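I have placed the structure first, in the form of structure tokens, so that the comments after it can refer back to it.
The values are calculated or read from the model by the stated rules, or taken from the named source; none is laboratory data. Bear in mind the structure is a predicted one, so any value in this text is a computation, not a measurement. Cβ placement follows ideal geometry from the backbone for every residue including glycine, while neighbour counts extend to all protein chains displayed. Surface areas here come from the heavy atoms of the whole protein model, side chains and all, with no ligands, DNA or RNA. Shrake-Rupley method; radii C 1.70, N 1.55, O 1.52, S 1.80 Å.
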Amino acid sequence: MQNRTANSKQTATGRQQAQPNPTTQQPRAPPQMVQNMARVTDPKHVPKDIRDQFLKKIHFCSQPYDFNDDTKNVKEKQERSQYLQELFDLLKEPNFVTNLVVPHLDLIIEMIEKNIFRPLPILKKTATNGEIGMEDDDQLIDPAWTHLQPVYEYFLQLIVNEQPDVKSLKIFITHSFIQEFLELFDSEEPREREYLKNILHRLYAKLVPRRKMIRKAINDCFYTLIHETYKFNGAAELLDILASIISGFAVPLREEHVIFFKTVIIPLHKVQTCQFYHEQLLRCSMLFLSKDPTLATFLVEGLLRYWPFANSAKEVMFLNELLEVLEVCEISKLEPLIPKLFKRLIKCIAGPHLQVADRAMCFFENDYFLTILKSYKPFTFPLLVPVIAQIADTHWHKVLQESLNALKTILKEIDYQAFDKALNTKDPKYLYIIQDAKNQKKDRQKIEEKWKNLTKQALQKNPNFKEPVVPYSDTHIVGEHNGLNNGNITIL
Amino acid sequence: MSENPFEVLKEDMENEEVYLKVNAMHRVKVVATLLGSDKIKSQLIPYFETLLKKEDDEVLFALAEELGNIAQIIPNQSSCLLSLLEQLAGFDETVVREQAVKSIAIVCGFLGDNDIANTIVPMIIRLASNDTNFTCRVSAVCLMCPLYARAGNQKEKIRQKFTELCSEETPMVRRAVATKIGEIAQFMDKIHVIQDLIPVLKQLCQDEQDQVRLLCMESLMNIAKILNSSENKTNILPLIIQSAEDKSWRVRLALSKIFADLAEAVGKEIADSSLIQIFSNLLKDTECDVRVIAVRSLARFIKFVSPEKLNLIVPLLQLLSKDPFSQVKQYACEVIGQIATLLPKEYSQSKLQQYLIDLMADDNQDVRRNAAKSAGQFAAAIGPEALNQFVPFLKKCMDDPKWRVRKETMQTIIQLALTVKNPDVFNKQLESVFVMFLKDRAAEVRSMGLIQLPALIATYKQDWAIGNFLSKCIETLSKDVGSLYRINALYAIQQISFAVDGPIAQDKLWPIVQKCLKDPVPNIRFVSIKVAKSLQKKIDNQQTLNQIKQSINELLEDPDRDVKFYAQEALQN
């Protein structure tokens, strides 16, 4: 008995490090349960003692223990992991699954719920030592994970298993089950999130009647991320699942899915923590566009609307996405977005961040983009040419300067006449983008004067009139005006 | 000269930079003032309508704010702004929505009760019934609170809708109601609170999302405030019990945070009979963060229970002062200090004193610091007889390697000396610890002693100041320790000089300062000049005064620039 316990524990830890693949396990003594089961001649009638044993083990595994403290309940915990292993092995015998597992699914699901549905811990570096100045680089590890992992593995295999059919599983997968399950995605333990992802994915695949509900619950999760919390650890994993869900959508897309694209996928770009799931988000976006290319313009609009501020890493991501999305856009549909698009690109090129500028320059190596540029020549040339010409002369970075000059040549080759015309216009309208603040102020003088006059008149009309305070001025910080300290912003 | 204000606004809004548009939007009240109500209605509002569809969130956020300002310009006709605001209240972007709700509240301030019932309530219901956009429903919840009181005969409708939203499937809406349920209760008749709100509050407290349950805690407290003792017992207490056993530690933590306020809200009777027991469990929680927050609340909680019930807390404090988590101990110290003022002396002495003394020697500096602080409170509560038991440990704390601990200890000693006011006790017990400030190696500790010196001199009179204390100063000055210590001692002498008579200053203090004026360290010389200056004001004897002047005069030729400067300054006036 002692021997076996040690043995099964070893495999449990061994498995935890390797890929959770049940078929490539180390050989070990056949567990008691399976041995006993081997005696059963007629699988339809499981003897009572075996059934009782089975139920006892499930009940035992449902007991909560303090997994954060390795010194407590050592014996029980060992026993528990051994039982879990035995239960796990049973799943490999189709007969027993049908006759033992399926009839007791209620208890099994309850056991799983009791184990995994828990308030998520905040992983601490050191729990006891509070003295300041002590640093350790240990990775954050949830001490309970070793004990949770077998339960997740069991759950996963239970879903993968073909015996429990949709009908018997369906009743347990309720709205509240899914909602609690989704909350676990916020776990800081990446391995846990990986399991959650796999399980949810298979549940979605298997339980066709529950699909709509699962999608709705995922939506709510994202709404919370977008509108309230701004941080959710499992966003990337959920988007992974969504990606495969989206690829299964029928064409043409149903209205429900289009709404999802507009109210979830696009606003997800504006979330502060977007960087952590951008790769997955991009994949979802592109899948949507492959189903319905007309959505591309909405996405371009969204990207331009939620363009990052003071976050160059995110800007690079946006530029990457923008170029990809533009390639899907129908050129004629882009018209209303052209000014915003090209101004944004010019700002990126002329901006202080080299990587951003470099990424933006890559647009001009793209043939489809150049086609867009050509199609809207009457707008794009007067905008681009004077600005590009000027920064090509003055840019501080040599490599970029070279590519700016190359770009000049490209533009010239496209339309020599338009280029010259644009270059020689007096007082180009868009040069202000690269001008410094002082020059810009000059341009504003006229209208500021008008406002001043109007304010005076308003004062005459109503002596109690208070002069308006504009947020963007030289004298005070915008954030104060916008209520940056309103509690909505989490500083990462 | 005369510009058309509306045209100027439109021109500025043509700008392509968002920040300029935002600025322009914030100037809208100029335009509105000049246009007057008719044109606001006929020109401005239709123009705003067109903006809703195409503008950026930043601009709309500004618009939502300015609509509130326009309402103040045309208070009597502000209802014309409501349609715009209603649309903004349903927007996706949270800040826009929230701002729109605020502005609607401003508009409602100008409306009569009739209008509220006939236009606002239907609007709220409309928003609350919008099934496609949860954002509308959230805004509706936020609007219900300030407007319920004025809804007249429509109150029932709002109540019904509010409770309906509590059972909503969308978690965002449930979170909104959980936050607001305590607020709206403040405006309701008690009977409706009990009949309508309590059942849904119960339901929300059992919500499957811990976020919802967590948000209920604050609301729970607010509702408890408006109920009487027996109502609280039947309605709120079960919820408190249930939440204290919540499986999510976040909920338990939220409950711990407000526990003292909760105790105040439900009243002494319930606090005595039930809350102590519930709170004990939170103080023993398995999650250390919960314990930290609970023990922080405990310091206030003990004020709201009857003194005779406090002995239930004492064993817990003993437990907490041995907690493995140092933050728990840190706050437990404070509670021990506080509770000693409420408990019978012998009881706290026999049950808690040793624990506090142990905490003064804890491994963690924050614990030691708080323990030293509480030791003062504790000893003061027990009276002078406890002092001799604490002083040896306080003395040990003055040798602590961390200056923060020493500073706190110094403060404690001074506080004790000032409360005891007994020269015997002071001389025997405290003085020896107090004078350690003269030799402390941290400037913070030295200046702490210095700042409090006048108060001590006032309490223990000049006999002590020119007796024991002065001799300590002289000792510091005469021993060849670092110049900073001597400067400190000189300043201490200056403090003494403020409190003593002329002859004493002349006989006892001046000779010391005179010697220091010739110190090899320039800094000591100019500090001595300053001290000599304050001596001058006390001394009447012309001969000594001349002596002082003479000594300072000599320093006019000092090689050090600063010394020269102070000497000059001293002689000028």
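Quick notes
Here's the yes/no breakdown for (1) small (Gly, Ala, Ser); (2) at pLDDT below 85; (3) within 28 Å of residue A:180 (Cβ to Cβ); (4) within 26 Å of the chain's Cα centre (by Cα):
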| position | (1), (2), (3), (4) |
| --- | --- |
| B:215 | no, no, yes, yes |
| B:225 | no, no, no, yes |
| B:251 | no, no, yes, yes |
| B:254 | yes, no, yes, yes |
| B:298 | no, no, no, yes |
| B:308 | no, yes, no, no |
| B:311 | no, yes, no, no |
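- For residue B:172, the conditions (1) farther than 25 Å from residue B:105 by Cα; (2) assigned to a helix (DSSP H, G or I); (3) within 13 Å of chain A (Cβ to nearest Cβ); (4) over 28 Å from the mean Cα position of the chain (by Cα) all hold with the exception of (1).
- Checking the stated criteria, residue B:29 turns out not to satisfy the condition of being open to solvent by 50 Å² or more (accessible area, probe 1.4 Å) and either more than 9 Å from every other protein chain (Cβ to nearest Cβ) or in contact (Cβ under 8 Å) with a residue 12 or more places away in the chain (or both).
- Filtering A:409, A:490 for residues that are at pLDDT 85 or above, open to solvent by 40 Å² or more (accessible area, probe 1.4 Å), more than 30 Å from residue B:31 (Cβ to Cβ) and of a type outside the set (Phe, Trp, Tyr) leaves a single hit, A:409.
- Taking the listed residues A:356, A:316, the one that is crowded, with 16+ Cβ neighbours inside 10 Å and over 26 Å from residue A:422 (Cβ atoms) is A:316, with no other qualifying.
- Evaluating residue B:149 against the criteria (1) open to solvent by 10 Å² or more (accessible area, probe 1.4 Å); (2) within 14 Å of another protein chain (Cβ to nearest Cβ); (3) aliphatic (A, V, I, L, M) leaves one unmet condition, (2).
- So residue A:215, is it touching a residue at least 12 places away in the same chain (Cβ under 8 Å), more than 14 Å from chain B (Cβ to nearest Cβ) and within 14 Å of residue A:178 (Cβ to Cβ): no
- Exclusive hit being in a helix (DSSP H, G or I) and over 36 Å from the mean Cα position of the chain (by Cα), set A:389, A:360: A:389
- Scanning segment B:1-15 for residues that are more than 7 Å from chain A (Cβ to nearest Cβ), under 28 Å from residue A:307 (Cβ atoms) and not polar (S, T, N, Q) returns B:9, B:10, B:13, B:14.
- In segment B:323-343, the residues that are within 14 Å of chain A (Cβ to nearest Cβ) form Cβ pairs under 7 Å with partners that are surrounded by fewer than 24 Cβ atoms within 10 Å (Cβ to Cβ) and hydroxyl-bearing (Ser, Thr, Tyr), at six or more places apart or across chains, as follows: B:324/A:128; B:325/A:128; B:329/B:321; B:332/B:321.
- With respect to the conditions (1) buried (at least 20 other Cβ atoms within 10 Å of the Cβ); (2) farther than 30 Å from residue B:439 by Cβ; (3) of a type in the set (A, V, I, L, M), residue B:342 falls short on a single one, namely (1).
- Hey, residue B:289 within 14 Å of chain A (Cβ to nearest Cβ) and either open to solvent by 10 Å² or more (accessible area, probe 1.4 Å) or of a type outside the set (Ser, Thr, Tyr) (or both) or not: yes
- The condition (being of a type outside the set (A, V, I, L, M), away from chain A (no Cβ under 13 Å) and surrounded by 23 or more Cβ atoms within 10 Å (Cβ to Cβ)) is satisfied by just one residue among B:42, B:78, B:83: B:78.
- Residue match in segment B:253-261 (condition: open to solvent by 40 Å² or more (accessible area, probe 1.4 Å) and among the hydroxyl-bearing types (Ser, Thr, Tyr)): no
- Flag for residue B:34 being touching a residue at least 24 places away in the same chain (Cβ under 8 Å), open to solvent by 30 Å² or more (accessible area, probe 1.4 Å) and either of a type in the set (Phe, Trp, Tyr) or in contact with a helix residue (DSSP H, G or I) (Cβ under 6 Å, 6 or more places away or on another chain) (or both): yes
- Within segment B:478-567, helices (runs of 4 or more DSSP H) holding 3 or more residues that are more than 26 Å from residue B:459 (Cα to Cα): B:510-516, B:522-538, B:542-554
- Some residue of segment B:56-74 being over 22 Å from residue A:301 (Cα atoms), within 12 Å of another protein chain (Cβ to nearest Cβ) and not in a helix (DSSP H, G or I): yes
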